[in-house]
Amino acid sequence: MRYKISGQQINVGESLQIHVQTEISEILGKYAERPTDALITFSKEAHEYVCETAIHLSTGITVNSRAKASDIYISFDKSAKKIENQLRRYKRRLKDHANVRTTPIETFGASSYVIAAEHNDNAAIETKTLTPIIIAEMEMGIKFLSVGEAVMQMELADEAVLVFKNESHNELNVVYRRKDGNIGWIDPKNMR
């Protein structure tokens, strides 16, 4: 298990690093069989410390959480508690469905772009011409998942939307969180 504990303009002392590794190891020992790495980043927003945690499992699932508190240890403890709750739900769902994936999730590459928000004057000009300003371009993987696994992955990653290739018919699908709290599923295959 690899740990990467860092701070953005914050000195992360040895005591905090030991605390983080101990707590994460304990949580993963209970709920995750083969974690590969954990990325924990601390930063500061106004008067609060922010802890962002991402844990990658060997099955291809990523679990994310973010928490704020006025104390750096408390921000981590809140983030770790969210991770523990997500992993407990994930493990329970796997047991309930007797659907244990034994092989890693297959992925294929795709580009991901970050487009400038419209409050920027240049972006407003570009919006009028329908050519958005791209401020970041990244490579990401699109996973081959069942719909249930996609919903679980979206919830574990604490994301609002997830694009995936449906294992049943190899077509791109989307699951997303609706404003009413339910999950939406877009499957172009069913539209034909």
**Message:** Going by average Cβ density within 10 Å per residue, which order do the peptides 76-86, 42-52 take, highest to lowest?
**Reply:** 76-86, 42-52
**Fill in**
Expected sort for 167-174, 155-162, 53-60 on mean C-beta neighbours within 10 Å, highest first, is 53-60, 155-162, 167-174
**Item:** Potential extension, ARG92-SER6 segment - 0.36 nm per residue separation minus Cα distance
**Value:** 27.8 nm
**Asked** According to a simple spin-label model (label point 7 Å from Cα along Cα-to-Cβ), what is the distance in nm between SER15 and ARG66?
**Response** 2.9 nm
**Complete:** Packing-ranked peptide list from 8-18, 144-154, 63-73, highest mean Cβ count within 10 angstrom first, is 144-154, 63-73, 8-18
**Request:** Place a label point 7 angstrom from the Cα of GLU48 along the Cα-to-Cβ direction, then list the residues of region 56-79 whose backbone nitrogen is under 15 Å away.
**Result:** 65-79
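FYI, it's all coordinate maths here, none of it is from the lab. Note that this is a predicted model, so its numbers are computed, not measured. When we count neighbours, we look across all protein chains shown, and the Cβ atoms used for this are built from the backbone with ideal geometry, even at glycine.
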